[in-house]
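Before any comments, here is the structure.
The values are calculated or read from the model by the stated rules, or taken from the named source; none is laboratory data. Treat the numbers as computed from the prediction; the structure is a model and nothing was measured. Note that we place each Cβ from the backbone using ideal geometry, even for glycine, and neighbour counts take in every protein chain shown.
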Amino acid sequence: MLSHKHKLILLKFFSMFSVVRGYNILIIVIAQYLASIYILAHNKSLKEVVLDLNLFMLVMASSAVIAGGYIINNFYDSEKDLINRPQKSMLDRLVSQNTKLSFYFVLNFIAVVLSSYVSFRAVIFFSIYIFAIWFYSHKLKKLPFIGNLTSDILTITPFFIVFIYYKNFETVVFVHAMFLFLIISMRELTKDLENMKGDLAQNYLTIPIVYGENVSKIMLTVLILLTLIPIYLLVNYFNVGYMSYYFYFSLLLLILFLVLLWKSKSKTHYLILHNILKLIIVAGVFSLSLIDVDLLLNRI
């Protein structure tokens, strides 16, 4: 049996893991590597990509910055999260705010040190990324449109880092990025609908608060229609292998999302919609391997 002290340490570990959303960071790391292997550096051998120390440093640095971003976001949103996510918020509060801030500075310092191994430009890039996340959490998050757009850009930045490293300017990369950006934009707006109660209480001027639920639903409908463009292009004009089945699956989920969206009226309904979009994103990460199912045999 664990002693009371060990139980408390274990609870605080899970609390910190919840704050930095370790499961999200793991997905992002996997996504960065799979995107590098199957899209951004498809002309390199599997061994060359996986054992690339510069890529590893960039992925680890971006993971540290993202973890720090979740901490500073949690710090500024603590009161709002107590309303929107009371159970998660109670777990997160097992670690003091001072401890969280200490971790925040340590993680950002680690990110700068790791990026310095790659180049001075990487250090500048990550320094700007760190500042942008802080400025978003501190100021921009409470603003409609600007907050959403900034969040979308910051979410896709880890993939931009790898894109810049490999300097792959093929059209297919931008079409994939367009699809991901639109899905992330939908997720952010859906989260705003889900969190209206807490946002209203804490004076967050999100799109649903300022313009209402119907306008938000119209915007989501437009985003779904725009998502059809990259899906059509990727399936019909680019060689995405068996990943085309993923895009058909995503299309079915988006149709389901649209039907449920216009029937949704409560936080629970919007949580279901949010989870549909999360499923599309996570499934998209692992389906990248379907682009070239023979890769393990041909590119070792």
Over the stretch 80-122, the set of residues out of contact with any Asp or Glu (no Cβ under 6 Å at 6 or more places or on another chain) and either among the small types (G, A, S) or not in a helix (DSSP H, G or I) (or both) is R85, R93, L94, V95, S96, S102, A111, S115, S116, S119, A122
Checked L200, L279 against criteria (out of contact with any Phe, Trp or Tyr (no Cβ under 8 Å at 6 or more places or on another chain) and at pLDDT 95 or above); the one match is L279
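So, in the stretch 123-152, exactly how many residues are outside any helix (DSSP H, G or I) and among the hydrophobic types (A, V, I, L, M, F, W, C)?
Adding up the residues that qualify gives 2.
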Review point. If you go through the stretch 66-75 one residue at a time, do you hit one that is of a type outside the set (S, T, N, Q) and under 19 Å from V118 (Cα atoms)?
Key: yes
Checked the stretch 68-106 for anything among the hydrophobic types (A, V, I, L, M, F, W, C) and out of contact with any Lys or Arg (no Cβ under 8 Å at 6 or more places or on another chain); matches are I72, L82, M90, L91, L101, F103, F105, V106
When K191 is run through (1) modelled with pLDDT of 95 or more; (2) assigned by TED's automatic domain parsing to the domain that holds I280, the failure sits at (1)
So the helices (runs of 4 or more DSSP H) completely within the stretch 189-300 holding 2 or more residues that are over 19 Å from the mean Cα position of the chain (by Cα) and closer than 29 Å to L82 by Cα are 196-201, 207-211, 213-237, 243-261, 267-287
When the stretch 20-60 is checked residue by residue, the ones that are of a type in the set (A, V, I, L, M), within 22 Å of Q87 (Cβ to Cβ) and touching a Phe, Trp or Tyr at 6+ places or on another chain (Cβ under 6 Å) are V20
Residue hits (the stretch 165-187; of a type outside the set (S, T, Y), in contact with a Leu (Cβ under 9 Å, 6 or more places away or on another chain) and assigned to a helix (DSSP H, G or I)) are V172, V173, V175, H176, M178, F179, L182, I183, I184, M186, R187
Being at pLDDT below 95 and of a type in the set (V, I, T) narrows T221, T206 down to just T206
Taking the stretch 49-63 and the residues there that are more than 16 Å from the chain's Cα centre (by Cα) and in contact (Cβ under 8 Å) with a residue 60 or more places away in the chain, the one that is surrounded by the most Cβ atoms within 10 Å (Cβ to Cβ) would be L58
Taking the stretch 17-27 and the residues there that are surrounded by fewer than 18 Cβ atoms within 10 Å (Cβ to Cβ) and not hydroxyl-bearing (S, T, Y), the one that is nearest to V240 (Cα to Cα) would be I27
